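Read the structure below first, then the notes.
The values are calculated or read from the model by the stated rules, or taken from the named source; none is laboratory data. Computed from a predicted structure; not experimentally measured. Backbone-built Cβ (ideal geometry, glycine too); neighbour counts: all protein chains shown.
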Amino acid sequence: MKALILHAEARTARLEAIDTPIASSHEIIVDVKAISLNPIDPLYVSNPLGSTGRTIGSDFAGEIAILGPSIPASSSLQVGDRVAGFLQGACSVNDRPGAFAEYVKIDWDLVWKIPDGVSFEEAAGVSLVALTAAQGMWFRLGLPAPFDYDKIKAFGEHPEWTWNKSGQQQLPKVIDFFIYGASTSVGLYAAQMVRLSAEAAGKKVRLFGAASKARWDFLKAEPYGYEFLVDYRDHDWPEQIRKLSGGAGVHFAYDCISEGDSVERVSSTLADTGRSAIVRSRAGGAWQAGELSFEPIYGAVWEGLGEEVQYQGFTVKKSPAGREFAVAFYKWLGEATGTSLNPVPIRKMPGGLAKVVEDGLVLLGSGKMEERETKRTEEWMKPVSAEKLVYTI
């Protein structure tokens, strides 16, 4: 089969022929029909953590080609089922294959069934970013989720998470929630999930967001429904958020960018008892801040795969609770996608796997927002905002 293989010394990836994966007893082989790009994909190709020879990429969607012999009958999985999921790719020191290939293997319970009416291309853009948002909203901040998972186990892994030990968090009648990077894919899912949490708890929510003015009308419409928006380019946007919240600050914040000074500035929008979650770690050097009134909650989306993740300089521990949460979330996702939870808009990119490196990875840059620009003039190479880049395989 063909796959995009990391060449670490050259800081690029190349399309090569490699062996088709073989499923273990608890794994499935998926015939990949579509892949979706995330900013981490070009980041860890241009700044490689892995060694040469690894398949890159995270998100995929396709059809089950082979079922491992020990997959329980209760899974209801069958050859030919349409499923989606994500792999770690070249995004850590750990030697694990990624998703940008014609076939992938994955644990049977870490995929979700694609509902009728949702295309492979739409589904390919869901798994990683939707789980990232769900982890931030429900697993870490502890807002009510529309499905059951072991909350006590989750907080047992994190004794520092003191606000929800009983699994029954007290929420205000009106939840003020701020999302920085509101037009990112993670932000688009987070906004929908906050509204689902408020509905589950019988509460109201006021959504505050920071995004380009060009996206405000889009973000004010359903299914996002922002009440208040500020331009992230304004130097005083934190003061604007506090003023819009009535001066007291917001109850919760989610920083979907988490780089430079964004974490410190987002933290300044919080009320005295407010809490925030982030998508990149202080230990990894993505952002810098002094002493904060509340240390924002970080966790890698890879926790959902149930494996230890080694970066250069720090390690994200294996999280059994994180994996259990991902399994429960994906079971719900197979029922909710296209109804309770809308996939984010997609941009269909031409050329399949052969064009990912020269087009998609270039368009997403090396990870930083200011580097995600290109002077290319093709229609599919216009700047990315509020959409996922998808390739049909």
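Residues of region 226-249 that are among the β-branched types (Val, Ile, Thr) and in contact with a Leu (Cβ under 9 Å, 6 or more places away or on another chain): 230 alone.
All conditions in (1) in a loop (DSSP other than H, G, I, E, B); (2) within 25 Å of residue 130 (Cβ to Cβ) hold for residue 322, with the sole exception of (1). For residues that are of a type outside the set (A, V, I, L, M, F, W, C) and assigned to a strand (DSSP E or B), scanning just region 1-34, find the one that is nearest to residue 348 (Cα to Cα). The qualifying residue nearest to residue 348 (Cα to Cα) is 33. Within region 287-311, the set of residues being within 29 Å of residue 84 (Cα to Cα) and outside any strand (DSSP E or B) comprises 299, 300, 301, 302, 303, 304, 305, 306, 307, 308, 311. Filtering 219, 244, 207, 229 for residues that are at pLDDT 95 or above, under 28 Å from residue 162 (Cα atoms) and surrounded by 15 or more Cβ atoms within 10 Å (Cβ to Cβ) leaves a single hit, 207. Flag not set for residue 318, criterion: out of contact with any strand residue (DSSP E or B) (no Cβ under 8 Å at 6 or more places or on another chain) and farther than 21 Å from residue 139 by Cα. Has region 374-385 got at least one residue that is in a loop (DSSP other than H, G, I, E, B), in the same structural domain as residue 213 (by TED's automatic domain parsing), in contact (Cβ under 8 Å) with a residue 24 or more places away in the chain and of a type in the set (Val, Ile, Thr)? For region 374-385, residues in a loop (DSSP other than H, G, I, E, B), in the same structural domain as residue 213 (by TED's automatic domain parsing), in contact (Cβ under 8 Å) with a residue 24 or more places away in the chain and of a type in the set (Val, Ile, Thr): absent. When region 46-95 is limited to residues that are within 17 Å of the chain's Cα centre (by Cα) and assigned to a strand (DSSP E or B), the one that is surrounded by the fewest Cβ atoms within 10 Å (Cβ to Cβ) turns out to be 59. Across region 114-150, the qualifying residues are those that are in contact (Cβ under 8 Å) with a residue 12 or more places away in the chain and of a type in the set (D, E, K, R), and the one among them that is surrounded by the fewest Cβ atoms within 10 Å (Cβ to Cβ) is 148. Residues that are under 20 Å from residue 39 (Cβ atoms), of a type in the set (Ser, Thr, Tyr) and in a strand (DSSP E or B) within region 246-275 comprise just one, 254. Residue under question is residue 107, and the condition is that it be surrounded by fewer than 24 Cβ atoms within 10 Å (Cβ to Cβ) and within 20 Å of the chain's Cα centre (by Cα); does it hold? In short, yes.
Any idea how many residues of region 232-245 are among the polar types (S, T, N, Q), more than 20 Å from residue 198 (Cβ to Cβ) and in a loop (DSSP other than H, G, I, E, B)? If you could, list the steps in order and put the result at the bottom.
Step one: of region 232-245, the residues among the polar types (S, T, N, Q) are 240, 245.
Still in the running and more than 20 Å from residue 198 (Cβ to Cβ): 240.
Within this subset, residues satisfying the condition of being in a loop (DSSP other than H, G, I, E, B) are none.
Summing the residues that are among the polar types (S, T, N, Q), more than 20 Å from residue 198 (Cβ to Cβ) and in a loop (DSSP other than H, G, I, E, B) in region 232-245 gives 0.
Among the residues of region 164-182, is any modelled with pLDDT of 95 or more, in contact with a strand residue (DSSP E or B) (Cβ under 9 Å, 6 or more places away or on another chain), surrounded by 14 or more Cβ atoms within 10 Å (Cβ to Cβ) and assigned to a loop (DSSP other than H, G, I, E, B)? Yes, some residue in region 164-182 is modelled with pLDDT of 95 or more, in contact with a strand residue (DSSP E or B) (Cβ under 9 Å, 6 or more places away or on another chain), surrounded by 14 or more Cβ atoms within 10 Å (Cβ to Cβ) and assigned to a loop (DSSP other than H, G, I, E, B).
Residue-level check: of (1) part of a loop (DSSP other than H, G, I, E, B); (2) in contact (Cβ under 8 Å) with a residue 12 or more places away in the chain, residue 229 misses just (1).
What residue, among those in region 273-284 that are over 16 Å from residue 301 (Cβ atoms) and free of Cβ contacts under 8 Å to residues at least 24 places away in the same chain, is surrounded by the fewest Cβ atoms within 10 Å (Cβ to Cβ)? Step by step, filter region 273-284, then rank; the result is 273. All but one of (1) of a type outside the set (Val, Ile, Thr); (2) in contact with a Leu (Cβ under 7 Å, 6 or more places away or on another chain); (3) surrounded by 18 or more Cβ atoms within 10 Å (Cβ to Cβ) hold for residue 294; which doesn't? Condition not satisfied by residue 294: (3).
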